[in-house]
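A short worksheet on the structure shown next.
The values are calculated or read from the model by the stated rules, or taken from the named source; none is laboratory data. Bear in mind that the values here come from a model prediction, so they are computed numbers and not experimental data. A quick note on method: Cβ atoms are made from the backbone with ideal geometry, for glycine too, and the neighbour counts reach across all protein chains shown. Heavy atoms of the whole protein, side chains included, go into the accessibility calculation; ligands, DNA and RNA do not. Shrake-Rupley method; radii C 1.70, N 1.55, O 1.52, S 1.80 Å.
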Protein chains: 2
Amino acid sequence: MNLMKEGWFTESSELWPGLTLSMEVSKVLHREKSDYQDIIFLETKACGRALILDGIIQCTELDEFSYQEMISFLPLFSHPNPKKVLIVGGGDGGVAREVCKHPSVTEVSQVEIDQRVIDLSKQYLPKMAVGLSHPKLKLYVEDGFKFMERHQAEFDVIITDSSDPVGPAIPLFQKNYFELMRSALKPGGIVCSQVGTPWTNLDIVCKTYKICQETFPVASYGYTCVPTYPTGQIGFVLGSLNKDINFKEPQYKDLSGINLKYYTTDIHKAAFVLPKFVEDALYV
Amino acid sequence: MNLMKEGWFTESSELWPGLTLSMEVSKVLHREKSDYQDIIFLETKACGRALILDGIIQCTELDEFSYQEMISFLPLFSHPNPKKVLIVGGGDGGVAREVCKHPSVTEVSQVEIDQRVIDLSKQYLPKMAVGLSHPKLKLYVEDGFKFMERHQAEFDVIITDSSDPVGPAIPLFQKNYFELMRSALKPGGIVCSQVGTPWTNLDIVCKTYKICQETFPVASYGYTCVPTYPTGQIGFVLGSLNKDINFKEPQYKDLSGINLKYYTTDIHKAAFVLPKFVEDALYV
């Protein structure tokens, strides 16, 4: 892959053809091919450090807090008392960093398939990877499917911090994955998965939302703004085993002890307010 | 300017250095240098037709409805009974198209400095330029400052659909422009101006918001998602001469007769809910 040209990294994907984002690079910090993927760490001029997997931007220091806080706190604050949390993927540690901040959470399990993403994030993205060393966290390096098969009815919240549905991540957007998550949840449990952008991939958003809706008594779709993700935003499907959960109403409102840059209880509510064309596609 | 390379158009600006968006181009429909700016109309593969002024994307058919609806209806639906509206800029006609949809609006004046943008938009962006031929609209080709000096205390709502604050558009972000708008408003009038993105230009957002706040008894900042604008979003400052206006509460709630793709009354309220880092910068 020729991703770098004249000092600029360019991201392109078959999921959003004809549209690319480029970042000016000060330094390529590291590049290698692991057993699972092509891994690049960049120092960029506009966005700080960045992690690129198989040519796709996973996070940059400029805007990662929006994604990490929202994929973590939309499900966590929708649950009245989350204690045990599972993170699938998220090898950079950013989601773990946020999840561990939640006062009621006592134990976080994280299952990431690629040891190299973990090791290299500790080296090149210490502000995110700090989550991987938190005392609440137990880190497992293996396949998320196999892990969940052994851990049934164990978690209050399961967060899937995956890459996009091309290649290896496709199974994480399918019905049997949502069923497996359901069976790994405790009663009243909640799942949250990233599901891309309605602007270029409304079909994927609708399809994944429908799967979530068929699997859980309550489902919803929310989103947040992340400038370096395609079209500048990313959405999440959420499902709950508790049919009385209203995802728009955060259950836990005292945020005073939590260090946050993006999330507020009002942002939580607003995340589920959709533009008319998305509302029409999902709910009508 | 070398904006086109190997079939792709790339947008870059000193306002967001080190970060560029590129669109694959099927056809360059037109390019010329008018008395005021470099004008390009493109047919793109991912975003439909696009208008580029001085190298910056003004609108694409993919996402223009978000910008046009929100810059129009955030101020219009914040006003209890808008009748006379002024649009400054907006030569492509998209804002005029939306403003003319509002049931109580009887007369729309639009002042655009560049006749060529008007003529070419009619030719290449007919879905937007349809607004320029609406019976409610009177179009003036001249400088917005001069126009407002002659039209004092006339308008219920003034919308400034400008380009970004580099070069010729800088005066539209300054104190004397906001004072001129104030004097062109009727009692209880409202203004709304585009003001860029907090992700790369928080300083401009804060400075312009402060000017608006010093000029009007009530001011607020809202935003919307527009994938082809820098960082995927754009914000607006709003000011009102009526100190009892709460911009978060739309005054006019019957949208049944209005054809909309983005705006809803809930989206209106959510547009003013800001991420914590923006809230902290603006309001603390």
task = Could you sort the residues of segment B:182-227 by number and keep only those whose accessible area is reduced by 10 Å² or more in the all-protein-chain setting relative to the chain alone, 1.4 Å probe?
result = B:Trp199, B:Tyr223, B:Cys225, B:Pro227
task = Just the number, please: buried accessible area between A and B, total of both chains, 1.4 angstrom probe, nearest 100 square angstrom.
result = 3000
ask   = GNM on chain B, C-alpha springs below 10 Å: top fluctuator among B:Thr208, B:Thr20, B:Thr200?
value = B:Thr20
task = Beta carbons within 10 angstrom, averaged per residue: use that to sort the peptides A:168-174, A:266-272, A:158-164, highest first.
result = A:158-164, A:266-272, A:168-174
ask   = In chain B, what percentage of the DSSP-assigned beta bridges are antiparallel, given to the nearest 5?
value = 65
message = Output the 0 to 90 degree angle, nearest 10, between the alpha-carbon long axis of helix A:115-124 and the longest principal axis computed from the alpha carbons of chain A.
response = 70
task = Mind pulling the angle between the C-alpha long axis of helix B:64-76 and the longest principal axis of chain B? Nearest 10 degrees, somewhere in 0 to 90.
result = 10
request  = Write down the percent of antiparallel bridges among all DSSP beta bridges whose residues are both part of the protein assembly as shown, to the nearest 5.
outcome  = 65
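In this model, which of A:Lys186/A:Lys248; B:Lys146/B:Lys207; A:Lys101/A:Lys248; B:Lys45/B:Lys261; A:Lys138/A:Lys243 are farther than 26 Å apart at the alpha-carbon?
Values: A:Lys186/A:Lys248 21 Å; B:Lys146/B:Lys207 24 Å; A:Lys101/A:Lys248 21 Å; B:Lys45/B:Lys261 22 Å; A:Lys138/A:Lys243 30 Å.
As for pairs spanning more than 26 Å Cα to Cα, those are A:Lys138/A:Lys243.
How do B:Ile39, B:Ile258 rank by accessible surface area computed with a 1.4 Å probe, from largest to smallest?
Correct descending sequence by accessible area is B:Ile258, B:Ile39.
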task = Note down the relative contact order for chain B as a percent, whole number, built from C-alpha pairs under 8 angstrom at least six residues apart.
result = 17
query = For segment B:39-52, what does the Karplus curve 6.51 cos²θ - 1.76 cosθ + 1.60, with θ = phi - 60°, yield as ³J(HN,Hα) per residue in whole Hz, taken in order and with x for Gly and Pro?
reply = 10, 10, 10, 10, 9, 10, 7, 9, 10, x, 7, 9, 10, 10
inquiry  = Relative contact order of segment B:122-245, please, whole-number percent, based on alpha carbon pairs below 8 angstrom and at least 6 residues apart.
reply    = 22
message = On a straight-distance basis, which aspartates and glutamates could pair with B:Lys127 in a cross-link, Cα separation under 16 angstrom, same-chain partners fewer than 8 positions away excluded?
response = B:Glu43, B:Glu61, B:Asp63, B:Glu64, B:Glu69, B:Asp92, B:Glu98, B:Asp119
message = Probe of 1.4 angstrom, ligands and nucleic acids ignored: what's the accessible area per residue over chain B, in square angstrom?
response = 37
ask   = Quick one: helix B:198-215 against the long Cα principal axis of chain B, what's the angle to the nearest 10°, folded into 0 to 90?
value = 30
remark   = Rounded to the nearest 10 Å², the 1.4 Å probe accessible area of A:Arg182 is 90
inquiry  = Compute the distance from the alpha-carbon center of segment A:202-236 to that of segment B:233-250, in whole Å.
reply    = 30
inquiry  = For a quick check: with amide H placed at 1.01 Å from N, whose amide H comes under 5 Å from B:Gly18's, ignoring anything fewer than 5 positions away on the same chain?
reply    = none
request  = Scan around A:Cys47 for amide H atoms under 5 Å from its own, H built in the peptide plane at 1.01 Å from N, and keep only partners 5 or more places away or cross-chain.
outcome  = none
Unit charges on C-beta of K, R, D, E only; dipole of the protein assembly as shown, Debye = 980
task = Would you calculate a helix-derived [θ] at 222 nm for chain B, using -39,500 (n - 2.57) for each DSSP H run of n ≥ 4 and dividing by the full residue count, to the nearest 500?
result = -8500 deg cm²/dmol
query = Could you give me the ³J(HN,Hα) list for segment A:22-34, computed from phi with Karplus coefficients 6.51, -1.76, 1.60 and θ = phi - 60°, whole Hz, x at Gly and Pro?
reply = 10, 10, 6, 9, 7, 7, 7, 6, 6, 8, 7, 9, 7
query = Reachable aspartates and glutamates from A:Lys175, Cα under 19 Å, same-chain residues fewer than 8 places away excluded?
reply = A:Asp143, A:Glu149, A:Asp161, A:Asp164, A:Asp203, A:Glu214
key: Apportionment of accessible area to carbon and sulfur, chain B, percent (1.4 Å)   = 50
key: Listed residues B:Ile52, B:Gln152, B:Gly91: farthest to the positive end of the dipole of segment B:47-152 (Cβ charges)   = B:Gln152
remark   = So, relative contact order of segment A:36-90 in percent, Cα under 8 Å, 6 or more apart, is 20
request  = Given the peptides B:10-19, B:209-218, B:27-36, arrange them by the average over their residues of other C-beta atoms within 10 Å, most packed first.
outcome  = B:209-218, B:10-19, B:27-36
message = Using the crude model of +1 on Lys and Arg Cβ and -1 on Asp and Glu Cβ, and no other charge, please compute the dipole size for segment B:188-256 relative to its Cα centre, in debye to 20.
response = 60
query = Leaving out ligands, DNA and RNA but keeping every protein chain, what accessible area does A:Lys122 have, in Å² rounded to the nearest 10, with a 1.4 Å probe?
reply = 100
query = For segment A:117-144 and segment A:1-57, what is the separation of their Cα centres, given in Å?
reply = 21
